[in-house]
Amino acid sequence: MFFYDFLVTGIPGTLTYKSEIDIKKGSLFYLKVRNKRRVGICIDKRENKPLSEEKILEIGEKDYLGLDFPLETLDLILWFKEYYKTSYDKTLQFFIPASLSLIEKEYYVYLKDLENLSKKESVILKYIKEKKKVSRKKLIKEFSKGVIYNLINLEKKGVIKKIFSAEKKREKDFNFRLAKIEIPREPTETQKNIINEILNEKNKKFFLIHGVTGSGKTFIYREIVKNFLYKGKKALVLVPEISLFPQIAPYFIFEKYKLFLYSFILKSEEKWNVLLNTLSEEPCVVLGARSSVFLPFKNLGVVIVDEEQEESYKEKEREPFYHVRDILIKRSEIEKVPLIFGTATPSLETYYSSNKKGKYFFIPNRISGYKNPDVEIVSLRDEPVRFYLSGRLLESIEDVLKKNKKVILFLNKRGFAHFIQCKNCGYTPICINCSISLTLYKNRNLLLCHYCGWKEEPPLKCPSCKSNNFKTSSYGTEKIEIELKKLFPERNIKRMDKEAISGRKKVFEVFESFIKGEIDILIGTKMIIKGLDNPQVGLASVLYADQEINFPDFRSKEKMFQRLTQLIGRVRKEGKTIIQTYFPEDKIYEKILNLDIIGFYEEELREREKLNYPPFSRLVIIESNTKINEDGEEILNFIKNKLKESNLKVEILGPVSPPIIKLKGLYRNRLLIKVKDENDFKKILNQIPEKLKIKIDLNPYDFL
């Protein structure tokens, strides 16, 4: 008898099981835990017998899932748990999809015949005998729910046996229509040089391809991936959003090799299919969103991250709040594979690191056939403005549409209006759970909180002064859509944001319609400025640039520069980009007009260094969420004093309330800690008692 330690889904620590079979590290088993079956991964064979052997459950071949995670994946799991100072169950929620447990089904198999069975039992036994193996679900459908009692009796009599199986899964791929893209046959001289340098580099595994929009980065990815496939290796290519799949997938379709798409929205069968193939010996390509960073791979050859600067690579919803970049840097080190970041607008952290620790490639020009569009800065102070639609912009829209060209309008604000307000007394409806005004959606006649989901109907009368004299303030994408349809009634106008489009099918349909030229004006939030390649685009405009720049975030200018650069990149041939602002004298616009990308980055780095912000430090946010505001302040002051006593070389700011003071019914307070030495991350976390209910965010991206 052997004894093994397992990490088990839903269990914070490790559990020990015994078995007569030899189990490899990394093997996945279905394990019984408190009368429930969970998925476990073997991490060690115990040298010493546990003290109370009798209480240890036994497992065998029937419990084996038929899956073995590579030891490198196991190393990554253990690193993740330590780096983020989290529990094993919170770690496994990322590495072992919950759907894996749900795939397992109860089946009944025939063992032998027996006389003296009831009439119904005989019918059920005959049915199972004919089918050889029948799922519980199928039996209930055939004989009704009452069949469960008959099955229990038949099992007791020894004529049937219940088994758990994860076999014969349906191979179901992530289907959608791909964009029609002409892929070059041969790389340009610039592309060839970059490809050769990366493939022949022996010492460095970290690369940044910084190429302006239209410079052919995706083709470079394709050629590198193809090279590793020929060597029998697998490739993982990450994109920030599934909406980009139809655009980039054609580049990774090869005659002899399978392409798999992976995202959290896949169904159980789809995830299972991808998992089976990443753990097979066959070379393949996985094109995935953020969650694909946790997939186990046998024979991984290369990892590529497209649009690496995007915030969607940062987990913001559930702890631990990881960043794909941090995990992949460690994964590249463990699995000894090249890690390639690519973008037209790199994050300052990646730009800085690639110059210091990796290899940096800059492609300043578009490939032949594309030229940079004209960029025009329109001052909203000097223009008659109608709902962020200046006279100059409307004139340009009309002119472009007459030429049968298409228009993209970007506004990173959803809804009809940011809030409504009583003109008499100033009353504004506020979310009952959060200290934030409710956004108006006119078509749905709804006030909605974007943070907790609270919704209510707009008041007919002001609850404070009983007036019905309301005004709307600060417009959103829905308002712009409504106004544009009035101004251009004969044109096909579509809106693309989280409220207008739900589900992957709808996202792909809108993208496909726009690429085919069926949509004249596309208005939306940041999802429309990434990877939307349509040569018919004659005008792209940001309706209100100041909203981005004045955000309470040290990265606000960097993010705005990235979005403006991406927007300019949507205009591929002859056309223009219009940037509307109330502050045209801001230095950022000078850099944009001259497309001085490197100049902007170097200037920003000098400012960051003065203030000791990333990449010259690492940040940690420690946040309390309490029903009474003072309780949160007390908790954070306690932590602050402990950190001061530890004599760590860190800068501590706060405690202070963030811009949104109350969220989901709880008051929020924060400490912001600047860490020079990355090794101090662990030391900081070790100073915090585990019993304290706080949120810890390493390398935060959300400052609201």
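The values are calculated or read from the model by the stated rules, or taken from the named source; none is laboratory data. Computed from a predicted model, the values in this text were never measured in an experiment. Cβ placement follows ideal geometry from the backbone for every residue including glycine, while neighbour counts extend to all protein chains displayed. For the accessible areas, the whole protein counts, side chains as well, though only heavy atoms, and no ligand, DNA or RNA atoms are used. Shrake-Rupley method; radii C 1.70, N 1.55, O 1.52, S 1.80 Å.
Scanning the stretch 557-575 for any residue that is open to solvent by 60 Å² or more (accessible area, probe 1.4 Å) and closer than 21 Å to F387 by Cα turns up nothing. Within the stretch 533-553, residues that are over 26 Å from A249 (Cα atoms) and free of Cβ contacts under 8 Å to residues at least 12 places away in the same chain reach partners that are surrounded by fewer than 22 Cβ atoms within 10 Å (Cβ to Cβ) and of a type outside the set (K, R) with beta carbons closer than 8 Å, at six or more positions or on different chains, in the pairs N550/S556.
From the list I588, I598, I568, I578, pick out the single residue that is closer than 17 Å to T345 by Cα and in contact with a helix residue (DSSP H, G or I) (Cβ under 7 Å, 6 or more places away or on another chain). Testing whether each residue is closer than 17 Å to T345 by Cα and in contact with a helix residue (DSSP H, G or I) (Cβ under 7 Å, 6 or more places away or on another chain) leaves just I588. Look at the stretch 252-269: where a residue is more than 21 Å from S312 (Cα to Cα) and a partner is modelled with pLDDT of 90 or more and of a type in the set (F, W, Y), sitting 6+ places away or on another chain with Cβ atoms under 9 Å, you get F252/Y221; L259/F252.
Number of residues in the stretch 275-319 that are assigned to a strand (DSSP E or B) and closer than 18 Å to L619 by Cα: the value is 1.
Among the residues making up the stretch 276-288, those that are open to solvent by 10 Å² or more (accessible area, probe 1.4 Å) and either of a type in the set (A, V, I, L, M, F, W, C) or over 25 Å from G216 (Cβ atoms) (or both) are L276, N277, L279, S280, E281, E282. Scanning the stretch 656-689 for residues that are part of a strand (DSSP E or B) and either open to solvent by less than 50 Å² (accessible area, probe 1.4 Å) or of a type in the set (F, W, Y) (or both) yields a count of 10. Could you check the stretch 320-330 and list, in sequence order, the residues that are touching a strand residue (DSSP E or B) at 6+ places or on another chain (Cβ under 7 Å) and either assigned to a helix (DSSP H, G or I) or among the aromatic types (F, W, Y) (or both)? The answer is F321, V324, L328, I329. The helices (runs of 4 or more DSSP H) falling completely within the stretch 1-107 that include 2 or more residues that are surrounded by 13 or more Cβ atoms within 10 Å (Cβ to Cβ) and at pLDDT below 85 map to 98-103.
Only one of the listed residues (N175, N150, N193, N203) is surrounded by fewer than 21 Cβ atoms within 10 Å (Cβ to Cβ) and modelled with pLDDT of 90 or more. That residue is N193. Checking every residue in the stretch 426-436 against the condition of being open to solvent by less than 50 Å² (accessible area, probe 1.4 Å), at pLDDT 85 or above, out of contact with any Phe, Trp or Tyr (no Cβ under 8 Å at 6 or more places or on another chain) and over 21 Å from L666 (Cα atoms) gives zero matches. Selection within the stretch 576-595: residues that are closer than 18 Å to S215 by Cβ and open to solvent by 10 Å² or more (accessible area, probe 1.4 Å). The member of this set that is modelled with the lowest pLDDT is L595. Checking each residue in the stretch 226-274 for being part of a strand (DSSP E or B) and open to solvent by 20 Å² or more (accessible area, probe 1.4 Å) picks out K258, L259.
When each of G66, G10 is tested for being on the phi > 0 side of the Ramachandran plot, in contact (Cβ under 8 Å) with a residue 40 or more places away in the chain and touching a helix residue (DSSP H, G or I) at 6+ places or on another chain (Cβ under 6 Å), the lone residue that passes is G10. Scanning the stretch 605-620 for residues that are touching a residue at least 24 places away in the same chain (Cβ under 8 Å) and in a helix (DSSP H, G or I), we see that the one that is nearest to T350 (Cα to Cα) is L605.
Residue by residue, here is whether (1) touching a strand residue (DSSP E or B) at 6+ places or on another chain (Cβ under 7 Å); (2) within 30 Å of K336 (Cβ to Cβ) holds:
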{"site": "L71", "(1), (2)": "no, yes"}
{"site": "D75", "(1), (2)": "no, yes"}
{"site": "L92", "(1), (2)": "yes, yes"}
{"site": "L117", "(1), (2)": "no, no"}
{"site": "V123", "(1), (2)": "no, no"}
{"site": "E130", "(1), (2)": "no, no"}
{"site": "R136", "(1), (2)": "yes, no"}
{"site": "L151", "(1), (2)": "yes, no"}
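Considering only residues that are of a type in the set (S, T, N, Q) and free of Cβ contacts under 8 Å to residues at least 40 places away in the same chain, which ones fall in the stretch 554-591? S556 - this is the single residue of the stretch 554-591 that is of a type in the set (S, T, N, Q) and free of Cβ contacts under 8 Å to residues at least 40 places away in the same chain.
Pick from E623, E602: which is touching a strand residue (DSSP E or B) at 6+ places or on another chain (Cβ under 8 Å) and either at pLDDT 85 or above or part of a helix (DSSP H, G or I) (or both)? None of the other options fit; the residue is E623.
When the helices (runs of 4 or more DSSP H) confined to the stretch 464-575 are screened for residues that are within 29 Å of N365 (Cβ to Cβ) and modelled with pLDDT of 85 or more, those reaching at least 1 such residues are found at 556-569. Checking each residue in the stretch 370-384 for being touching a residue at least 60 places away in the same chain (Cβ under 8 Å) and open to solvent by 60 Å² or more (accessible area, probe 1.4 Å) picks out Y370, K371, N372, D374, R381. Among residues of the stretch 113-133 that are surrounded by 16 or more Cβ atoms within 10 Å (Cβ to Cβ), those with a beta-carbon under 7 Å from a residue that is in a helix (DSSP H, G or I) and among the polar types (S, T, N, Q) at least six positions away or on a different chain give the pairs E121/N150; E121/N153; I124/N150.
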